[in-house]
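Peer 1: My structure is below; once you've seen it, I'll send some questions.
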Amino acid sequence: MLVTITREVLKEHYKDVVNPEAGSEYTAVSKQVQDAIDGFSGEACSDLRNTMLQEIPKRIDDNLLVCRENCEEIMKLLDDDTLDAALDAMRLTEDGPAGAPPKFAFMLSSVRGKLQETIDQCEKYQNSNSQRVKGLVDNLLPNDFRARLFKAQTDRSEAARKAEVEALIKRGGSVKEKFEMIRKHQNARRERLAMIGNMQGVYKSMLTAVGVPESLLSFVKTLNDENGPIEELRQRFVPSLQDLASFAMNLHLLSKLFFQQTPASADAESIPGIIVQAARQMATRAAAYLEFLETQMSNAPWFISPAQIKSMQGKDLNCEGAISVEIGAGNVYDVEVELESGSQLCWQFNVNSKDIGFSVCDHRQKEVVTGARHNAGSVIEGSFVASQAGKYKLKWDNSFSY
């Protein structure tokens with residue numbers, strides 16, 4: 001029997017892992033970017049700041065999307081036609097306002113390669129992570145025609161999303177529109193996982209037919225839960241990605257200010273050099289940190305046996321501790337437990353004769369695991385992750401007998 005990880009297991013697994021810090025050059029350039037932004041003045045500059053700077057997200061994927069989007073926006077500013085027109089309009093030279101300096105155009109055009117490196121690193125990690133989740137799901141599904149139908153539906157959905165993005169780009173959609181669509185697709189994937197985990201909607205009959213293991217349902221149900229096991233990974237690894245996303249946003253803002261509000265800066269001619277150094281440092285930091293993160297995710301214990309959980313928690317698994325309970329006709333037997341948010345409750349039992357109903361309820365007597373009747377001769381096992389701290393009750397119901 002396998003169950004999904006708990007936050008406690010992940011905390012133990014990663015207790016000795018140290019996040020690689022950003023280097024001194026990265027930190028110094030980050031400060032230079034912020035100082036250069038602060039060097040711009042005027043109402044128009046303030047409005048641009050308020051418009052462009054967005055709230056930093058809390059999820060790994062969402063921060064990588066922020067990096068990608070801002071890098072693509074900067075690359076759009078730095079395409080040849082836009083760059084030439086903008087520099088010509090600024091009329092900056094080393095000797096004074098007499099035409100667009102070739103030096104600036106050359107410096108800024110070199111930024112595009114570094115921005116593309118950052119985009120490629122983010123996409124590489126996101127694709128790898130998507131394949132990792134898909135692989136975990138595929139490996140737990142039964143290897144027959146029903147599972148293949150299930151996988152084919154997933155592949156069709158992904159192909160349709162990719163085609164939708166490509167069509168948007170082909171008809172001239174903006175970078176903002178592109179990433180709004182990508183985020184919409186990402187949210188759809190999360191909703192789909194939640195529906196699969198809860199066996200809701202169109203997936204109820206499909207999953208029942210396929211025979212999906214309880215451990216898989218629990219995994220996909222809690223994968224994006226803000227209080228689930230993955231929250232442990234977010235708390236450990238997201239802050240560095242939030243810093244990277246903030247760096248990308250600031251670099252985009254500085255680039256925009258430089259092209260649109262140059263006269264408002266006290267030291268405009270130093271800005272291209274800062275942009276070049278920032279792009280290099282961002283690409284270096286993204287490559288190093290995402291390589292580290294890929295290693296951590298690849299080695300994460302996504303599924304684990306109850307014995308391993310007990311072992312990692314410093315406890316012995318006592319299989320002899322099971323009890324036998326006779327539940328008479330018309331009676332109900334229940335066990336109450338208290339759980340912390342994100343804790344996982346696992347159970348295993350068998351029915352010796354006839355049948356019994358089983359469900360799990362919260363303190364409001366609301367079913368969090370839907371009641372079902374189980375026949376004699378079968379071993380019933382499952383798990384549940386608490387989204388809120390509180391008391392929960394496992395209930396064996398024989399009240400329908402007489």
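The values are calculated or read from the model by the stated rules, or taken from the named source; none is laboratory data. Keep in mind it's a predicted model, so treat the numbers as computed, not measured. Neighbour counts run over all protein chains shown; Cβ positions are idealised from the backbone, glycine included. Remember, those area values only see protein heavy atoms, side chains included, never the ligands or the DNA or RNA. Shrake-Rupley method; radii C 1.70, N 1.55, O 1.52, S 1.80 Å.
Peer 1: Scanning for something surrounded by fewer than 16 Cβ atoms within 10 Å (Cβ to Cβ), in a helix (DSSP H, G or I), at pLDDT below 60 and touching a helix residue (DSSP H, G or I) at 6+ places or on another chain (Cβ under 6 Å), does the stretch 257-266 turn up at least one residue?
Peer 2: The answer is yes; a qualifying residue exists.
Peer 1: I'm checking my understanding of the structure. Among residues of the stretch 371-388 that are under 22 Å from Glu338 (Cβ atoms) and surrounded by 13 or more Cβ atoms within 10 Å (Cβ to Cβ), which one is modelled with the lowest pLDDT?
Peer 2: Glu381
Peer 1: Moving to a separate point now. Specify which of the listed residues (Ile60, Ile74, Ile37) is at pLDDT 85 or above and either more than 35 Å from the chain's Cα centre (by Cα) or farther than 16 Å from Leu257 by Cβ (or both).
Peer 2: When all the criteria are applied, what remains is Ile60.
Peer 1: While we're here: Applying the selection to the stretch 107-123, what residues are touching a residue at least 60 places away in the same chain (Cβ under 8 Å) and either open to solvent by 60 Å² or more (accessible area, probe 1.4 Å) or assigned to a helix (DSSP H, G or I) (or both)?
Peer 2: Within the stretch 107-123, Met107, Leu108, Val111, Lys114, Leu115, Glu117, Thr118, Gln121, Cys122 meet the criteria.
Peer 1: When residues of the stretch 5-28 are filtered for being within 30 Å of Ala248 (Cα to Cα), assigned to a loop (DSSP other than H, G, I, E, B) and not aromatic (Phe, Trp, Tyr), how many remain?
Peer 2: 9
Peer 1: Looking at the stretch 105-134 only, could you name the residues that are hydroxyl-bearing (Ser, Thr, Tyr) and closer than 17 Å to Arg59 by Cα?
Peer 2: Listed by number, the residues that qualify are Tyr125, Ser128, Ser130.
Peer 1: Any idea how many residues of the stretch 155-191 are of a type in the set (Asp, Glu) and under 25 Å from Gln54 (Cα atoms)?
Peer 2: Matching residues across the stretch 155-191 total 3.
Peer 1: Another one. Out of all the residues in the stretch 128-141, is one or more modelled with pLDDT under 65 and open to solvent by less than 50 Å² (accessible area, probe 1.4 Å)? Don't jump to the end; show me each part of the working.
Peer 2: From the stretch 128-141, those modelled with pLDDT under 65 are 140-141; that's our starting set.
Checking which are open to solvent by less than 50 Å² (accessible area, probe 1.4 Å) leaves us with 140-141.
Yes, the stretch 128-141 has at least one match.
Peer 1: Does the stretch 47-61 contain at least one residue that is among the charged types (D, E, K, R), in a helix (DSSP H, G or I) and open to solvent by less than 40 Å² (accessible area, probe 1.4 Å)?
Peer 2: Yes, the conditions are met somewhere in the stretch 47-61.
Peer 1: Just the residues that are out of contact with any Asp or Glu (no Cβ under 6 Å at 6 or more places or on another chain), in a strand (DSSP E or B) and open to solvent by less than 80 Å² (accessible area, probe 1.4 Å), please, taken from the stretch 341-370.
Peer 2: Residues of the stretch 341-370 out of contact with any Asp or Glu (no Cβ under 6 Å at 6 or more places or on another chain): 341-347, 349-356, 358, 360, 362-367, 369-370.
Applying the additional criterion that residues be in a strand (DSSP E or B) yields 344-347, 349-350, 355-356, 358, 360, 367, 369-370.
Matches in the stretch 341-370: Gln344, Leu345, Cys346, Trp347, Phe349, Asp355, Ile356, Phe358, Val360, Val369.
Peer 1: Can I ask one more? Give me a count of the residues in the stretch 152-193 that are of a type outside the set (Ser, Thr, Tyr), farther than 14 Å from Ser130 by Cβ and over 19 Å from the mean Cα position of the chain (by Cα).
Peer 2: Pass one, the stretch 152-193, residues of a type outside the set (Ser, Thr, Tyr): 152-153, 155-156, 158-173, 175-193.
Adding the requirement that they be farther than 14 Å from Ser130 by Cβ leaves 152-153, 156, 160, 163-173, 175-181, 183-184, 187, 191.
Still in the list and also over 19 Å from the mean Cα position of the chain (by Cα): 152-153, 156, 160, 163-173, 175-177.
Selection size over the stretch 152-193: 18.
Peer 1: Something else now. Please give the number of the condition Gln121 fails out of (1) touching a helix residue (DSSP H, G or I) at 6+ places or on another chain (Cβ under 9 Å); (2) more than 30 Å from Gly371 (Cα to Cα); (3) at pLDDT below 65.
Peer 2: (3)
Peer 1: Return a yes/no flag: does the stretch 306-319 have any residue that is at pLDDT 75 or above and open to solvent by 40 Å² or more (accessible area, probe 1.4 Å).
Peer 2: Within the stretch 306-319 (the criterion being at pLDDT 75 or above and open to solvent by 40 Å² or more (accessible area, probe 1.4 Å)), the answer is no, since none of the residues qualifies.
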